[in-house]
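Asker: After the structure tokens below, expect a handful of questions from me.
Where a number appears in this text, it was derived from the coordinates with a stated rule and is not lab data. Please read these numbers as outputs of a predicted model, since none were measured by experiment. Heads up, the Cβs are rebuilt from the backbone with ideal geometry, glycines too, and the neighbour counts pull from every protein chain shown.
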């Protein structure tokens, strides 16, 4: 077979083709979203005409369009950076420079991973700053000061180094020392770490970025506690997070695992919703617990990550995997000299390439997530007032400037939550039992 059709060349062609196809698809979807939202900007949908003002509807439309237009630039930059790292030789040049300066070995591999992360973060920095201090600021959502943003950046970098580097070192060691089944040992460690993180994150990591105070409203506390008892849910505590320090967006969530589970309310949520509406929002979250959505997602994560590690275990031994993505593997031409390890290169190439090929299955996961949201809503109206749930969701859509008129195709591809029109149409209004 001619070299033109070698596995390396085939991978190069396929990778470039899928990047282009994915970029065109994302541009088409974003353009549909912009056009559809703009066409419906002038009037509030009839179903919401008595509850949403024209000004609020137009703000949501403008916010959605602004983000979608900026995403076009962001997607183009992302594709260019991806090609720069891979087929245009960026990762190969970085690896060769570090090999020349440090030689092969664990420290060189860790340096490669760290340098990649730092350079990638520096490239993303203008995008993040514009999103936070221009787009979010323009629409009244950003509450962060530059000093707070810098503090968060420093904390994140420190946490990444303290946690990420030891994890990377262990996985790299397993890749080099645990034999052909290293990927199975690495997967076991990775899953164990994720479970441990779910336990320690609420207590030790999250408080580094936000303040968490026990819920002080005794009436609301009693109402929420009674709801959790009805649903058979036990939590270590009810907390209020100072989300308003960073954003005007509101939310509530469960965090932790096992005995470390916590219920967390954004302070913005408590300001915007009545006690009955807060109860209804929490009942929705408990619906996820009751339907075992969290366990299902964890099981899916376990299965997909196992498949990913197994695939990486095979690809890391294939020379065409490296050369097809623009990298020269570390192969020694002298039989007396051991080649430098390729493990860090394999990890980085895998992280860069997998999202390119999995983009087209994203609608399947989005559809499953939307189904879970409908199921959680249905459960919520059996434990709280359906009218309160509908009112709460409508307030959250309005306060977060979520458009009421998204493009249907865009929704099917991207939306993890159903649009307001579909979601509210399914919520009946029974009285709370």
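Asker: Sort 267-277, 288-298 for me by packing, meaning the mean count of neighbouring Cβ atoms within 10 Å per residue, highest on top.
Answerer: 267-277, 288-298
Asker: Treat the count of other C-beta atoms within 10 Å as a stand-in for reagent exposure and order 92, 152 from fewest to most.
Answerer: Details: 92 20, 152 15.
Ordered by Cβ neighbours within 10 Å, fewest first: 152, 92.
Asker: In nanometres, what is the gap between the two model label sites at residue 314 and residue 199, each 7 Å from Cα along Cα-to-Cβ?
Answerer: For the pair residue 314/residue 199, the computed spacing is 3.5 nm.
Asker: Where does each of 171, 123 land when they are ranked from fewest to most other beta-carbon atoms within 10 angstrom?
Answerer: If I rank by nearby Cβ atoms, fewest first, I get 123, 171.
Asker: First check a/c for region 181-240, with a ≥ b ≥ c the square roots of the eigenvalues of its C-alpha gyration tensor; if it is under 1.5, answer rounded, and if not, answer prolate when a/b is larger than b/c or oblate otherwise.
Answerer: oblate
Asker: When a footprinting reagent is the concern and you count Cβ atoms within 10 Å, what order do 249, 57 take, fewest first?
Answerer: Lowest count first: 249, 57.
Asker: Ok, one more. Could you pull the Cα extents of region 122-167 along its three principal axes, largest to smallest, in whole Å?
Answerer: Each principal axis gives a Cα extent; for region 122-167 these are 40, 20, 13 Å.
Asker: Just for the Cα atoms in region 344-433, what are the lengths along the principal axes, largest first, rounded to whole Å?
Answerer: Here the Cα extents, ordered largest to smallest, are 58, 27, 21 Å.
Asker: For the pair residue 213/residue 66, report the inter-label distance in nm, with labels modelled 7 Å from Cα in the Cβ direction.
Answerer: 3.0 nm
Asker: Sticking with this structure for a sec: Using per-residue counts of other Cβ atoms within 10 Å, averaged over each peptide, order 371-382, 71-82 from highest down.
Answerer: 371-382, 71-82
Asker: Please state the shape class of region 153-204: rounded when a/c is under 1.5, otherwise prolate if a/b exceeds b/c and oblate if not, all from the C-alpha gyration tensor.
Answerer: The shape class here is oblate.
Asker: Using the per-residue mean of other Cβ atoms lying within 10 Å as a proxy for protection, in what order, highest first, do the peptides 158-165, 62-69 fall?
Answerer: Peptide ranking by packing, descending: 62-69, 158-165.
Asker: Here's another thing I want to ask about it. What translational diffusion coefficient, in µm²/s and rounded to a whole number, does the Stokes-Einstein relation yield for region 62-163 at 37 °C and a viscosity of 0.692 mPa s, taking the hydrodynamic radius as the Kirkwood radius over Cα pairs?
Answerer: Answer, rounded: 205 µm²/s.
Asker: What are the semi-axes of the equivalent ellipsoid for region 134-279, taken as the square roots of 5 times the Cα gyration tensor eigenvalues, largest first, in whole Å? Spell out each step's value before the answer.
Answerer: Values: eigenvalues 242, 110, 26 Å².
Semi-axes (√(5λ), whole Å): 35, 23, 11.
Asker: If you don't mind, another one. Is region 212-367 rounded, prolate or oblate when judged by the Cα gyration tensor, a ≥ b ≥ c being the square roots of its eigenvalues, rounded requiring a/c under 1.5 and prolate requiring a/b larger than b/c?
Answerer: Prolate, since a/c reaches 1.5 and a/b exceeds b/c.
Asker: How compact and how long is region 1-128, expressed as Rg and Dmax of its alpha-carbon atoms in Å?
Answerer: Every Cα atom of region 1-128 included, Rg and Dmax give 22.2, 69 Å.
Asker: May I have the pair-distance distribution P(r) for region 10-53, computed from all Cα-Cα distances with 10 Å bins from 0 and rounded to whole percent?
Answerer: 24, 26, 21, 15, 11, 3
Asker: Considering all projection directions equally, how large on average is the shadow of the alpha-carbon convex hull of region 213-258, in square nanometres?
Answerer: For region 213-258, the mean projected area of the Cα convex hull comes to 3.9 nm².
Asker: Full extension from residue 47 to residue 159: what is 0.36 nm times the residue separation minus their Cα-Cα distance, to one decimal in nm?
Answerer: So the extension gain works out to 35.6 nm.
Asker: Sticking with this structure for a sec: With a cut-off of 8 Å between alpha carbons and a minimum separation of six or more residues, what is the relative contact order of the chain in percent?
Answerer: In percent, rounded to a whole number, it is 24.
Asker: In terms of the ratio Rg/(2.2 N^0.38 Å) built on C-alpha atoms, what value belongs to the chain?
Answerer: Normalised Cα radius of gyration, the chain: 1.11.
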